[in-house]
Structure formats: structure tokens, C-alpha cells
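Report on one structure; see the data block that follows.
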Amino acid sequence: MEKRNDFLPYGHQFIDDEDIQAVVSTLRSPFLTTGPTIAEFEKAVADYVGAKYGVAFSNGTAALHGACYAAGIGESDEAITTPLTFAASANCIRYMGGTAVFADIDNKTYNIDPIDIERKITTKTKAIIPVDFTGQPADMDAIMEIAKKHNLVVIEDSAHSLGADYKGKKVGTLADMTMFSFHPVKPVTTAEGGVIVTNNEEYYEKLKLFRSHGITQTAYAEEQGAWYYEMVDLGYNYRMTDLQAALGVSQMHKLESFIERRREIAALYDELLNDVSGVGIPFQLENTKSGWHLYSIQLDSDELSKSRKEIFEEMRALNIGVHVHYIPVYWHPYYQELGYEKGICPKAEEWYEQALTLPIFPGMTDNDVADVVKALKTVVN
Ligand SMILES: *Cc1c(COP(=O)(O)O)cnc(C)c1O
């Protein structure tokens, strides 16, 4: 098979003239940061998922940090998350001085296994941070039931799943707080950006405080004068700009069509890869509809003559931008030095060893999909 002329990445933003115009008009407006467009973007995201409040942050990682602050995670606390995720899902616990505890995945969905969550709960457990890995919602009913029983806060890392459905409901109101990322490879983009949605007013107030230095106007101002403000806790500068929010508002108009296209591509891959021996296609629960941030296959090393590394390199040599998601978080040197041992989540580790992410993004054509499949069939045979 011939090499593609252009490199096909695993994910890519889709920007049109409407998006560009939206950013340009904000540049001409009086507000470059924290103007009216921030509130408009927060409302667009909250309304879309049916949540009461949205709080925009400079990126998804900062948003997760804010959620851990609002949840009250402290130095003596533990929070449970999955190892099969981007490091930020666990790092946010560390930012608050807490301990990240890893629960293994479910063999079928690759999402965190509620049974293992229960096993890992101690008297120090404060929160659960499930991740909707690849865009397929985590087992939220079971997770919320466990949280209720043990009085835990649930922060859903939905960086992959804006637009996904769980039992007929949009992801965004299933947990106490839900995080969406707006990095360019994510469902819609603000270049960098994150939003926490919640129905809880107390969390909402804390998130706003944390995002902007811990500074607030207090009742005191009336007495002191209109210039007066108070810093009541140690916050950060985690604000999003109006330029980014303008891009986000414009992108939100296209979210449904983006998700629809991702679903078409996934269905096409399913159909074309179904009978390729040694290649496992992603399992989907009947009561969820993935947002298909990633399309990740499993390479069965017993059936294939080549290693994952060989397949990866040969695909890349054909200009097909395959990737691997994710190296188990606690394998990273930082976590290894904290004392996490390899082997603590064997299913996630085994899954990682066999995983290969194929390109999927709204601008991909059916011909691009055919190229990927043709290359894969050539390479694995
Ligand atoms: C992208 C991502 C994040 C972090 O989002 P940023 O906006 O890049 O900071 C967190 N968790 C998961 C699972 C992600 O994929």
C-alpha cells in the first residue's frame, strides 16, 4: 500500500468562517477577558447538558483543580479514579495535597469498575473521579449509588464525552460536578479551555472564587467603598478569555453535527474492521451513546504476528496518525516515586498493552476511513 500524501492525525479541530468571525468581533469589543461572552459560553454549555450552572476555566485541568477544591479534598483525603486516563484526572487530587487511589477498569467498557471502587474505599475517601473514557459514559448509576452510601463527592471527568448520552440523558447532570475540556482534539474547542457544570449552588460559588484569586466582593464593600474587595481564600488566575469563549459559543452551534459525524465514522470502522482477525473493536453498552472522542482498538498479540510497536510504526510510516491512549497513570515516574507499584490495576495494564487509537474527527472523510482500514489490514497481515 502507498503512503498517504498528507499525515492523518488521530484528532483535529474543525474551524469555519463563523468561528473566525466570532473571535474577530470579540477582538474589536471592549472585553478581551471576563466580559459578557464568558457568561454566554457558560450558559451555552450548561443549557446544552441541562445543568443549572457552568463555570469556565483556562483549561480542563484547571477546571478539575477547581472541582477538587470545591469538593473540599485536602491533605488527609483520598480520591478514587481510573488509571486509564490522561494524568490530569489524578493530578488534580495531588494539587490539593490528596492521595490518588486507582480502581481497575471493567473488561468490557474500559471504564472504571464500580465493584473495584467499593473495594478501594477507606475512611479517608472523599471523592470519586470517574472518566468517560473514549466518550462512552462511565457506569454513573452504580457510581452515584456508592457515593451516596459512603457520602462521597463525584466529579465526572467528561473531557471526552460532551454530547454523549447515558440512559437517554446528556452527560453533565449525572455527577455532582462534571468537567468538559475544550482542547482542540476534544468534541468542541476554545483552543484551551474547561468548564465545570453543576446543579449545586455552593459548588458554583466556590468554583468562581477559586478561578479568580479567591477574591470576592463582600457586604463589607458598602461600608468601605466601591473599590473594596476581599481575598477570602487562596485562589488562582484560572480565567478563560472572552476570545476563547467567543470561539466556544460558535463551536457549540456545531456540536451536534460533530457528534453525528463521529458516530458515522465509528459505525463505518465497526463495519469494516468487524471481521479482521486479531483486531478487537470497541464494545458499546446498549444504554449509552458515546461521543466517540477516540476510536481505540485492541490488538490481540496471540493472533497477530507483529507487536503493537511494529504495527504502530508501520501505520505511522504510511502517514496514518495512530496513537495510544493511555499509559496507566501510575506507571509515570512521578507516581512510581510516590510508591505506586506496577500491577495494581492488571486489567487496565493489559488493556493498555494491546491498545491502538485510530484517527477520528469530524472533518474526516469516508475515504480517509477507508485509507486507515486498508493500511491496518495491510500492516497486520
Ligand atoms: C484532555 C483531558 C483532560 C485535561 O484537559 P485540558 O483541557 O487539556 O487541560 C483531563 N482529562 C482527560 C481524560 C482528558 O482527556
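Any read-out appearing in this document is the output of simple, stated calculations on the displayed coordinates, not a laboratory observation. Just so we're clear, the structure is a prediction, and the values are computed from it rather than from any experiment. Glycine gets a Cβ as well: all are built from the backbone with ideal geometry, and neighbour counts include every protein chain shown.
Among Ile281, Val322, Ile265, pick out the residue whose Cα is farthest towards the positive end of the charge dipole of the stretch 255-380, where Lys and Arg carry +1 and Asp and Glu carry -1 on C-beta, about the Cα centre.
Of the listed residues, the answer is Val322.
What are the ³J(HN,Hα) values, in whole Hz, obtained from phi via the Karplus relation 6.51 cos²θ - 1.76 cosθ + 1.60 with θ = phi - 60°, for each residue of the stretch 4-13 in sequence order, with x given for Gly and Pro?
Computed from phi, the couplings for the stretch 4-13 are 5, 5, 10, 6, 9, x, 6, x, 7, 5 Hz.
To the nearest 10 degrees, how steep is helix 17-27 against the longest Cα principal axis of the chain, on a 0 to 90 scale?
30
Per-residue ellipticity at 222 nm for the chain, helices alone: DSSP H runs ≥ 4 residues times -39500 (n - 2.57), over residue total, nearest 500 deg cm²/dmol? Numbers along the way, then the final one.
On the way: 14 runs with 147 residues, N = 381.
The helix-only estimate for the chain comes to -11500 deg cm²/dmol at 222 nm.
Would you tally the net charge around Glu313, using a Cβ to Cβ cut-off of less than 14 Å, leaving Glu313 out, and scoring K and R as +1, D and E as -1? Walk me through the numbers before you get to the answer.
On the way: positive: Lys3, Lys306, Arg308, Lys309, Arg316; negative: Glu310, Glu314.
Once positives and negatives cancel, what remains is +3.
I need the shape label for the stretch 17-252. Rule: rounded when a/c is under 1.5, else prolate if a/b > b/c, else oblate, with a, b, c from the alpha carbon gyration tensor.
Working: a/c = 2.18, a/b = 1.32, b/c = 1.65.
Here the stretch 17-252 falls in the oblate category.
What is the stretch 1-155 by shape, rounded, prolate or oblate, if you read a ≥ b ≥ c off the alpha carbon gyration tensor as root eigenvalues and call it rounded for a/c under 1.5, prolate for a/b larger than b/c, and oblate otherwise? Working shown, then result.
Details: a/c = 2.28, a/b = 1.41, b/c = 1.62.
Judged from the Cα gyration tensor, the stretch 1-155 comes out oblate (a/c at least 1.5, b/c at or above a/b).
Rank Glu192, Glu350, Glu230 by mean-square fluctuation in a GNM of the chain with C-alpha springs under 10 angstrom and give only the top-ranked residue.
Maximum fluctuation in the GNM of the chain, among the listed residues, is at Glu230.
Order by neighbour count: Ile146, Ile112, fewest other Cβ atoms within 10 Å first, most last.
Values: Ile146 20, Ile112 33.
Least crowded to most crowded, the residues run Ile146, Ile112.
Just how large is the dipole of the chain about the Cα centre, in debye to the nearest 20, putting +1 at every Lys and Arg Cβ and -1 at every Asp and Glu Cβ? Let's see the in-between values first.
On the way: 34 positive and 55 negative charges, 49 e Å.
With Lys and Arg at +1 and Asp and Glu at -1, about 240 debye.
Taking a ≥ b ≥ c as the square roots of the Cα gyration tensor eigenvalues, with a/c under 1.5 meaning rounded and otherwise prolate when a/b beats b/c, else oblate, which class fits the stretch 232-343?
Numbers: a/c = 2.18, a/b = 1.25, b/c = 1.75.
Oblate, since a/c reaches 1.5 and b/c is not below a/b.
Ordered by residue, what ³J(HN,Hα) values in Hz, to whole numbers, does the stretch 133-146 give under the Karplus form 6.51 cos²θ - 1.76 cosθ + 1.60, where θ = phi - 60° and Gly and Pro are x?
These are the phi-based 3J(HN,Hα) values: 4, 6, x, 8, x, 5, 6, 5, 4, 5, 5, 5, 5, 4 Hz.
Within the stretch 32-93, report the GluC sites (Glu not before Pro) that DSSP leaves as loop and that have at most 15 other Cβ atoms within 10 Å. Walk me through the intermediate numbers first.
Numbers: sites: Glu40, Glu42, Glu75, Glu78; in loops: Glu75.
In loop regions of the stretch 32-93 (DSSP not H, G, I, E or B), the sparsely surrounded GluC sites (Glu not before Pro) are Glu75.
Please give the helix 242-252 orientation as an angle from the longest Cα principal axis of the chain, in degrees from 0 to 90, rounded to the nearest 10.
Result, in degrees: 50.
What are the chymotrypsin sites (Phe, Trp or Tyr not before Pro) within the stretch 6-61 that DSSP puts in a loop, where the Cβ has at most 13 other Cβ atoms within 10 Å?
Working: sites: Phe7, Tyr10, Phe14, Phe31, Phe41, Tyr48, Tyr53, Phe57; in loops: Phe7, Tyr10, Phe14, Phe31.
The qualifying sites are Phe7.
Using the crude model of +1 on Lys and Arg Cβ and -1 on Asp and Glu Cβ, and no other charge, please compute the dipole size for the stretch 255-380 relative to its Cα centre, in debye to 20.
On the way: 12 positive and 21 negative charges, 47 e Å.
Magnitude of the dipole: close to 220 debye.
In the stretch 121-151, what trypsin sites (Lys or Arg not before Pro) fall in a loop by DSSP, with at most 16 other Cβ atoms inside 10 Å?
Numbers: sites: Lys124, Lys126, Lys148, Lys149; in loops: Lys124.
Here the sparse-neighbourhood loop sites are Lys124.
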